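Written out below as structure tokens is the structure these notes cover.
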Amino acid sequence: MGGLLEGKTILVTGIITDASIAFRAAAIAQEQGAKVLITGIPERLRLIDRIAKRLPQEVPPAIGLDITNEEDLAGLADKIRELAPEGLDGALHSIAFAPRTLMGPDALPFLDGPGPDAAKAFEISAWSYASLARAVLPVMNEGGSLVGMDFDPRTSMPYYNWMGVAKAALESVNRYVAREVGEAKKIRSNLVAAGPIKTLAAKAIAGTATDDAAKLNQLNTYWDGASPIGWNVDDATAVGKSIVALLSDWLPATTGSIVYVDGGASHNTWFPEGFATN
Ligand SMILES: NC(=O)c1ccc[n+]([C@@H]2O[C@H](COP(=O)([O-])OP(=O)(O)OC[C@H]3O[C@@H](n4cnc5c(N)ncnc54)[C@H](O)[C@@H]3O)[C@@H](O)[C@H]2O)c1
């Protein structure tokens, strides 16, 4: 039996280390039969090509793409055509960023978050989902699939602050992208709301996690406790598999939607041990 993505060509953005969610998704996509193309931030292409050598199969050199650069976006379709004349059947947006004033060890209190910095976080983490859709639409095949990465923003939480606001915006952007790409080419657009995974981006959220793993560990302990089936921050396999499922033909009537891949933690109210529950 062929893999879930047999015969499909998939564009994967957002690889920066082999812990990146995008890396895991690319590896599983290849295992499921996909031809994978990757993009990377222009200033790190050599590093990204080196990381990509650890994928199960060879990929062409990463296409330089700063998701906020209009020239990069305008040239993307032609670069994809050169590498994949057959066109794309799917694309993964696995990109987020917030300035240090908004997240991490130097973050200001939420109320003091500077507007231009919040706008930057919005631009790279939410608006850019529509930009990627616009850039790849000319080379997307009918019935394809777009997937973006979410972190459930329905509640406020420590550390996440303005990135939570950007993710809430991304959820809305996804619904509008789904309208246009659906009408244009019957393309689906969905988000995977992942639980915490230890990546570069996650370290930025929890503050000085590399020096002071305690904060990130607390979040991990919480998530594992809150999940009825348990959660492992060191294993992005469930997230990668779910991305691949959305890129496949097996969720053909799901669009504008969010698939929660977080061990169920965001759907469960959890009381830490010792908390009086009756
Ligand atoms: N790690 C988690 O706990 C977690 C949980 C839920 C959702 N997510 C989301 O998953 C996605 C991937 O994050 P990750 O955790 O794999 O971390 P990561 O640091 O490995 O990936 C983030 C990527 O964003 C890219 N990026 C930043 N600015 C960019 C720009 N201007 N143009 C192009 N690319 C740019 C970086 O190069 C990097 O590859 C993000 O959207 C993140 O918010 C992560």
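The values are calculated or read from the model by the stated rules, or taken from the named source; none is laboratory data. The structure presented is a predicted model; accordingly, all values stated were derived computationally and were not measured. All Cβ positions, glycine included, derive from the backbone under ideal geometry; neighbour counts span all protein chains shown. The accessibility values were calculated without ligands, DNA or RNA, using every heavy atom of the protein model including side chains. Shrake-Rupley method; radii C 1.70, N 1.55, O 1.52, S 1.80 Å.
Calculated FRET efficiency, Arg134 to Phe275, Cβ-Cβ distance, R0 = 51 Å: about 0.60 to the nearest 0.05. The aspartates and glutamates within cross-link reach of Lys203, meaning a Cα-to-Cα straight distance under 20 Å and a gap of 8 or more places when in the same chain, are Asp18, Asp106, Asp117, Asp150, Asp152, Asp211, Asp212, Asp224, Asp234, Asp235, Asp262. Nonpolar atom fraction for the chain, defined as the carbon and sulfur part of the 1.4 Å probe accessible area, stands at 55 percent. Charge dipole (Cα centre; +1 on Lys/Arg Cβ, -1 on Asp/Glu Cβ; no other charges) of the chain amounts to roughly 220 debye. Protein heavy-atom accessible surface, 1.4 Å probe, per residue over region 9-264: 45 Å². The aspartates and glutamates within cross-link reach of Lys8, meaning a Cα-to-Cα straight distance under 13 Å and a gap of 8 or more places when in the same chain, are Glu31, Glu86, Asp89, Glu142, Asp249. The heavy atoms of Val36 present about 10 square angstrom of accessible area, all protein chains included, probe 1.4 Å. Axis angle, to the nearest 10 degrees, between helix 237-247 and the longest C-alpha principal axis of the chain: 40 degrees.
With the whole protein complex present, Arg154 retains an accessible surface near 130 Å², based on a 1.4 Å probe.
Of the cross-linked pairs Lys167/Lys241; Lys35/Lys167; Lys120/Lys186; Lys53/Lys120, those separated by over 26 Å at the C-alpha level are Lys35/Lys167; Lys120/Lys186; Lys53/Lys120. Considering all alpha-carbon pairs of the chain, what whole percent are spaced by more than 29 angstrom? The calculated P(r) of the chain puts 30 percent of pairs beyond 29 Å.
For the chain, averaging the sequence separation of C-alpha pairs within contact (under 8 Å, six or more residues apart) and dividing by the residue count gives a relative contact order of 19 percent. Applying 1/(1 + (r/R0)^6) with r as the Cβ-Cβ distance of Gln57 and Arg175 and R0 = 45 angstrom yields a FRET efficiency of 0.85.
Distance from the C-alpha centroid of region 63-94 to that of region 141-161: 21 Å, rounded to the whole angstrom. Label-to-label distance for Trp127 and Glu82 is 2.8 nm, based on points extended 7 Å past Cα in the beta-carbon direction.
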